Amino acid sequence: MDILKIAAFSDGNTGGNPAGVLIADAHPAAADMQRIAAEVGFSETAFAAPAGDGWRVRYFSPESEVPFCGHATIALGAALALRHGNGVFGLTLNGARITVEGRREGDTLSAALQSPPTHSAPADDAVLDEALAVFGYARSDLDPRLPPARIHGGADHLLLALKHREALSAMHYALDAGRRFMNTHGFVTVLLAWADGAQHFHTRNPFASGGVYEDPATGAATAALAGYLRDIAWPHQGHIDVVQGEDMGMRSLLAADIPPQPGSSIRVYGAARLMAA
């Protein structure tokens, strides 16, 4: 099988989050997709097959199927542009229908996804206390302007916003404890964020639920963050930029456009780079 390896949300010719992409006439069996994702070894692999006038897409991490993966969708958009030319491609996911726009301009690849609808809610105190224990933070480390929340943009994430950049850099946790916490509460990732101004954020994304210590770029969580900022009337002015992966040596650049309608889709976009097979 011809599995492309594409780093999504790259910073020029470096960084980004590697994803596997398999475009086939039909999906392999679920067990085979799970095995392939484990063999590829990236945090997610996207599997796409033609369906009507669009594509049926499923996403697998090395340990589980996930409902939506932003960086693998960006990688898929770049792969579809390489195969079919520039365009907007309709995608049917397990629980939503979205689009991805893929573009190739010379040697430059880029893509933009429209996320599933977003929503958010305050985090329960008990869940928050458990999360703080897992990551070794105290309530005094949190930024009161951005209260802890369950955020959703195609998948559920826990948002913990930190007061200081140094606290973000110091993130550490035990993978097994993180996996238990995320699986118990239905979080695909935990999004740790630091606001460097109203429109610029630094983030980290532990992904223990998928067997991955940390993701260098997480489009689904960025969409969820953008929707949350809209929900709390944060002064985003319709756009945010996110730097992720810096602390793990995989600097990635994500951008999101935020329309005013509550709950509406978020446009998340960035560059992509084709990796060696």
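The values are calculated or read from the model by the stated rules, or taken from the named source; none is laboratory data. All values derive from a computational prediction rather than experimental measurement. Cβ sites come from the backbone with ideal geometry, for glycine too, and all protein chains shown count toward neighbours. When the accessible area is computed, the model is the full protein with side chains, heavy atoms only, and any ligands, DNA or RNA have been set aside. Shrake-Rupley method; radii C 1.70, N 1.55, O 1.52, S 1.80 Å.
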task: Could you name every one of the strands (runs of 3 or more DSSP E) located completely within the stretch 84-129 that has at least 3 residues being among the hydrophobic types (A, V, I, L, M, F, W, C)?
output: 87-92, 108-114
query: Do we have any residue at all in the stretch 231-238 that's of a type in the set (D, E, K, R), assigned to a helix (DSSP H, G or I) and within 17 Å of H119 (Cα to Cα)?
result: yes
message: Criterion first (open to solvent by 20 Å² or more (accessible area, probe 1.4 Å) and small (G, A, S)) does S169 satisfy it?
response: yes
- request: Of all residues in the stretch 154-181, count the ones that are out of contact with any Phe, Trp or Tyr (no Cβ under 6 Å at 6 or more places or on another chain) and modelled with pLDDT under 95.
  value: 0
field: Single unsatisfied condition, G16 versus (1) over 25 Å from T222 (Cα atoms); (2) in contact with a Ser or Thr (Cβ under 7 Å, 6 or more places away or on another chain)
entry: (1)
- request: Spot the failing condition for N13; the list is (1) at pLDDT 95 or above; (2) open to solvent by 40 Å² or more (accessible area, probe 1.4 Å), and only one is missed.
  value: (1)
- prompt: Given (1) under 21 Å from S209 (Cα atoms); (2) among the acidic types (D, E); (3) assigned to a strand (DSSP E or B), where does E63 come up short, assuming only one miss?
  reply: (3)
message: I'd like to check something: does the stretch 48-58 contain any residue that is open to solvent by 10 Å² or more (accessible area, probe 1.4 Å), closer than 25 Å to S252 by Cα, among the basic types (K, R) and in contact with a helix residue (DSSP H, G or I) (Cβ under 8 Å, 6 or more places away or on another chain)?
response: yes
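Quick check on my filter: what residues within the stretch 94-124 are in contact with a Ser or Thr (Cβ under 6 Å, 6 or more places away or on another chain) and either basic (K, R) or free of Cβ contacts under 8 Å to residues at least 12 places away in the same chain (or both)?
Selection gives R103 alone.
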query: Of all residues in the stretch 230-260, which are without any contact (Cβ under 8 Å) to a residue 60 or more places away in the chain, hydrophobic (A, V, I, L, M, F, W, C) and at negative phi?
result: I240, V242, V243, M248, A255, A256, I258
task: Exactly one condition in (1) under 18 Å from H236 (Cα atoms); (2) assigned to a helix (DSSP H, G or I) is not met by G197; state its number.
output: (2)
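Results for (1) open to solvent by less than 50 Å² (accessible area, probe 1.4 Å); (2) modelled with pLDDT of 95 or more; (3) more than 22 Å from A72 (Cα to Cα); (4) under 15 Å from the mean Cα position of the chain (by Cα), shown as yes or no for each residue.
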| residue | (1), (2), (3), (4) |
| --- | --- |
| N183 | no, yes, no, no |
| D196 | no, yes, yes, no |
| V212 | yes, no, no, yes |
| G219 | yes, yes, no, yes |
| D231 | no, yes, yes, no |
| W234 | yes, yes, yes, no |
| Q237 | no, yes, yes, no |
| G245 | yes, yes, no, yes |
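Within the stretch 247-263, restricting attention to residues that are aliphatic (A, V, I, L, M) and more than 14 Å from the chain's Cα centre (by Cα), which residue is farthest from N13 (Cα to Cα)?
Among those that are aliphatic (A, V, I, L, M) and more than 14 Å from the chain's Cα centre (by Cα), it is I258.
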- prompt: Which one of these does P147 not meet: (1) surrounded by fewer than 17 Cβ atoms within 10 Å (Cβ to Cβ); (2) in a helix (DSSP H, G or I)?
  reply: (2)
